[in-house]
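*Asks:* This is the structure I have questions about; it appears just below.
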Ligand SMILES: Cc1cc2nc3c(=O)[nH]c(=O)nc-3n(C[C@H](O)[C@H](O)[C@H](O)COP(=O)(O)OP(=O)(O)OC[C@H]3O[C@@H](n4cnc5c(N)ncnc54)[C@H](O)[C@@H]3O)c2cc1C
């Protein structure tokens, strides 16, 4: 069987199948696995470009995170974030990582057959099974945002699925300074036209490097998806005004066209009678890293039970 997408959901889905004895191949178009748990080297440091942190409430996920903590892969970061113009807000414990969030997906992928750098362009019915690109498979999982999954399928397949969830874009700016002139772990910016959130990348990683990662509002990103260079000064300007920092010494900007679903969905995954599965953070009440984990895991279990028959 084939899993397309080696983000967290695809990797945990494939690992669940593999542990149940189902042979599984994982394909991903990225150069590295991890999807939106993306990490890029900036000044030789692993900077988180996508998800800022993870939280864990489900007992199974708590156990996995605790294992990562024990092995030095995850670290408790903070439960308190600043809010621009308002008192700080406290919530669940947020976990960061010394090596970047991608390292957690890589850890979970241990032992899996994963091929990176392959873009699947279609998934079609083929006899009793499927053709994933030109690769035959008895069953297939699309572990990615709905807009990406649905464009691989033809109309006759899409009718078996719930309506596609809509996803919102985000632009992520990485900015570095010679020294730290702010004092927060993370900063929510409410009702701003450009800026939604700023994370202190050094503090979440634990090395205190003076690096911030700022996320734009979906509205600002939607207007600048094809004009990232032009968007950069606006995001930098917003960070400087909101927190009164000097101009950064280096910046880069990344586009997330499908950053997060705009709505919630109660089902944890989709699975058709023809063994086509969809999973990911779009299959959750609250889209986030933990939701992607649980969606991929529950689809993997459901498929393993079915393929066992
Ligand atoms: C800017 C941003 C901030 C976020 N902040 C947080 C946060 O602070 N906390 C939190 O819990 N969550 C956060 N999230 C959400 C979190 O990143 C996601 O919930 C989680 O990573 C989703 O994992 P996934 O496996 O469902 O999807 P993805 O990580 O998107 O994985 C999909 C994979 O499919 C692959 N793929 C797509 N199409 C194809 C194709 N045709 N062929 C081959 N491969 C393909 C992609 O390369 C990708 O690797 C954030 C996300 C973004 C973008």
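*Asks:* To the nearest 10 degrees, how steep is helix 228-243 against the longest Cα principal axis of the chain, on a 0 to 90 scale?
*Replies:* Helix 228-243 sits at roughly 50 degrees to that axis.
*Asks:* Can I ask one more? Send over the per residue convex hull volume for the stretch 64-179, Cα only, as a whole number of Å³.
*Replies:* About 216 Å³ per residue, rounded to a whole number.
*Asks:* Here is a follow-up. Kirkwood hydrodynamic radius, the stretch 77-122, all distinct C-alpha pairs: what's the number in Å?
*Replies:* 14.3
*Asks:* Given a Förster distance of 25 Å, report the FRET efficiency between residue 69 and residue 252 from their Cβ-Cβ distance, rounded to the nearest 0.05.
*Replies:* Result of the calculation: an efficiency of 0.25.
*Asks:* Provide, as a two-decimal number, the C-alpha radius of gyration of the stretch 1-77 over 2.2 N^0.38 Å, N being how many residues it has.
*Replies:* Taking the Cα Rg and dividing by 2.2 N^0.38 Å, one obtains 1.25.
*Asks:* Calculate how steeply helix 59-70 sits against the longest principal axis of the alpha-carbon atoms of the chain, using the helix alpha-carbon long axis, and give the answer as 0 to 90 degrees to the nearest 10.
*Replies:* Orientation of helix 59-70: about 60 degrees from the principal axis.
*Asks:* Oh, and also: Please work out how much length the chain gains when fully extended from residue 191 to residue 110, using 0.36 nm per residue of separation minus the C-alpha to C-alpha distance, in nm with one decimal.
*Replies:* Difference between extended and current length: 25.0 nm.
*Asks:* For the peptides 280-291, 65-76, 48-59, what is the packing order when you average, over each peptide's residues, the other Cβ atoms within 10 Å and list the highest mean first?
*Replies:* 280-291, 48-59, 65-76
*Asks:* Another question about this same structure. How much length is gained if the chain between residue 159 and residue 286 is pulled fully straight, taking 0.36 nm per residue apart and subtracting their Cα-Cα distance, in nm to one decimal?
*Replies:* Extra length from residue 159 to residue 286 when fully extended: 43.2 nm.
*Asks:* Per the Kirkwood definition applied to all pairs of different Cα atoms, how many angstroms is the hydrodynamic radius of the stretch 215-255?
*Replies:* Answer for the stretch 215-255: a Kirkwood hydrodynamic radius of 10.8 Å.
*Asks:* Dividing the alpha-carbon Rg of the stretch 173-261 by 2.2 N^0.38 Å yields what?
*Replies:* Rounded to two decimals, the normalised Rg is 1.03.
*Asks:* Now for a separate question. Please report, for the Cα atoms of the stretch 197-309, the Rg to one decimal and the Dmax as a whole number; what are they, in angstrom?
*Replies:* Expressed in Å, the Cα Rg and Dmax of the stretch 197-309 come to 19.4, 63.
*Asks:* How long are the semi-axes of the equivalent ellipsoid of the stretch 55-99, defined as square roots of 5 times the Cα gyration tensor eigenvalues? Whole Å, largest first.
*Replies:* Values for the stretch 55-99, descending: 25, 13, 5 Å.
*Asks:* Next question. Which FRET efficiency value, to the nearest 0.05, do you get for residue 43 and residue 134 by plugging their Cβ-Cβ distance into 1/(1 + (r/R0)^6) with R0 = 30 Å?
*Replies:* Given R0 = 30 Å and the Cβ-Cβ separation, E is 0.10.
*Asks:* Using a Gaussian network model of the chain with C-alpha springs under 10 Å, which one of 186, 277, 223 is most mobile by mean-square fluctuation?
*Replies:* Of the options given, 223 has the highest mean-square fluctuation.
*Asks:* Moving to a separate point now. What do you get for the angle between helix 289-308 and the principal long axis of the chain? Use alpha-carbon atoms, 0 to 90 degrees, nearest ten.
*Replies:* 10
*Asks:* Here is a follow-up. Tell me, what is a quarter of the convex hull surface for the C-alpha atoms of the chain, in nm² with one decimal?
*Replies:* 15.8
*Asks:* Here's another thing I want to ask about it. Can you check what the Kirkwood hydrodynamic radius comes to for the stretch 113-174, Cα pairs only, in Å to one decimal?
*Replies:* Its Kirkwood hydrodynamic radius stands at 13.4 Å.
No value in this document is a laboratory result; all are computed from the given coordinates. No experiment lies behind these values; they were computed from the predicted model shown. Please note: Cβ atoms are built from the backbone with ideal geometry, for glycine as well, and neighbour counts cover all protein chains shown.
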